[in-house]
Amino acid sequence: MKTFKPYFEMSKMRIVTMVLVTSSIGYFLGARGVGDVRWVVWALSLLGTGMAAAGAACLNNYLERDLDARMERTRRRALPAGAIDPVSALMYGIVMVLGGVTLLVWQVNLLCGFLVLLTAFLYVLVYTPMKRWTWLNTSVGAIPGALPPVSGWAAATGQLDVGAWVLFAILFVWQHPHFYAIAWMYKDDYREAGFRMLPVIDPSGQRMFRHILAHSAVLIVVAALPTFIGMTGWIYLIGAFLLGLMMLEVGIRLWRTHSMADARNVLRASVYYLPLLLVMIALDVVL
């Protein structure tokens with residue numbers, strides 16, 4: 001079991017779990033409810049997507065192993081700690097990504113497989129190196145982070161409708177206050193590692209705080225779109241609006257105080273926001 005522990009850690013299972021949850025939401029919404037779900041296809045789509053997500057996370061660890069060794073919060077990860085050699089990590093990541101995508105193309109459909117491969121490509125080969133070059137990495141990284149519900153929708157329908165892109169928009173916007181809060185909390189670590197995060201290039205945090213407020217405000221509007229395209233009802237709309245106000249309120253508080261405590265509150269609020277919103281969407285569709 002100890003042999004597999006480093007691979008399990010490099011796979012970032014918390015992120016994989018969120019990928020599978022959002023992919024499932026996309027699948028169920030694309031299938032227009034639980035009654036029309038093809039359960040075997042859904043299970044295979046989760047297996048392939050999970051494999052690719054785990055492999056992409058491992059490749060991210062491989063590419064950033066030297067930088068992870070410089071940061072307090074990451075230096076105990078498997079690669080910088082020497083628990084596994086880099087070549088093994090590289091091979092594991094490649095096999096998992098290609099194996100997951102192959103399964104999706106073979107057993108689900110080509111569009112789903114392509115979207116999952118695109119997600120892995122953007123995360124590993126665009127977002128990961130971009131963190132060393134420009135603060136725009138957060139927005140670019142939000143693209144692969146928002147694609148899982150789109151690939152889930154494609155798995156269910158074999159096509160992409162407006163509902164899939166609405167889900168994409170919600171996750172894309174949501175990630176900005178979430179990851180900017182993390183960037184503020186660990187700005188010293190990021191500076192030490194050479195990551196070009198927004199609070200590193202603007203230590204005052206003013207630009208980052210404006211981005212948090214702007215994206216939190218936009219999130220209120222974007223989260224209302226499922227109701228206005230007929231995907232959800234008014235109960236969801238009211239709940240989404242209240243959750244959006246919560247996000248905006250903690251963002252305003254951080255803007256005023258600049259404190260680590262309020263950055264953690266923004267992060268905590270974003271962690272609560274997304275699963276609650278997804279649960280409301282799912283319940284609205286089922287009921």
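A short reminder: the numbers here are calculations on the coordinates, not readings from a lab. Since the structure is predicted, the reported quantities are computational estimates derived from the model, not experimental observations. In this analysis, Cβ positions are derived from the backbone assuming ideal geometry, glycine residues included, and neighbour counts consider all displayed protein chains.
For segment 1-83, the percent of C-alpha pairs falling in each 5 Å distance bin, counted from 0 to the bin holding the largest distance, reads 3, 14, 20, 18, 14, 11, 8, 7, 5, 1, 0.
Comparing segment 1-159 with the 2.2 N^0.38 Å rule of thumb, its C-alpha radius of gyration ratio is 1.06 (two decimals). Checking every one of the chymotrypsin sites (Phe, Trp or Tyr not before Pro) in segment 120-152 against DSSP loop status and a limit of 12 other Cβ atoms within 10 Å picks out Trp133. With viscosity 0.890 mPa s and temperature 25 °C, the Kirkwood radius over alpha carbon pairs of segment 138-200 converts through Stokes-Einstein to a diffusion coefficient of 189 µm²/s. Only Cα sites of the chain enter the Debye sum here, all with the same form factor; the resulting log10 I(q)/I(0) across q = 0.07, 0.14, 0.15 1/Å is -0.26, -1.05, -1.18, listed in q order.
Per 0.36 nm of contour for each residue apart, how much would the distance between Met13 and Leu283 grow if the chain were fully extended, relative to their Cα-Cα spacing?
Contour length minus the Cα-Cα distance gives 94.7 nm.
Taking each DSSP H run with n ≥ 4 as -39500 (n - 2.57) and averaging over every residue of the chain yields -24000 deg cm²/dmol at 222 nm.
Once both labels are positioned 7 Å from their Cα atoms along Cα-to-Cβ, the gap between Tyr272 and Met260 label points is 2.2 nm. Dipole magnitude for the chain: about 540 debye, using +1 per Lys or Arg Cβ and -1 per Asp or Glu Cβ, origin at the Cα centre.
Assign one of three labels to segment 130-238, namely rounded, prolate or oblate, based on the Cα gyration tensor with a ≥ b ≥ c the square roots of its eigenvalues; rounded applies when a/c is under 1.5, prolate when it is not and a/b is larger than b/c, and oblate otherwise.
oblate
For Lys12, a cut-off of 20 angstrom between C-alpha atoms picks up these aspartates and glutamates, skipping any fewer than 8 places away in its own chain: Glu64, Asp66, Asp68, Glu72, Asp85, Asp189.
This model, with +1 at the C-beta of Lys and Arg and -1 at the C-beta of Asp and Glu, gives segment 198-271 a dipole about its Cα centre of some 120 debye. When the charge dipole of segment 161-287 is built from unit charges on Cβ atoms (+1 for Lys and Arg, -1 for Asp and Glu) and taken about the Cα centre, the candidate among Leu219, Ile235, Ala169 whose Cα reaches farthest toward its positive end is Leu219.
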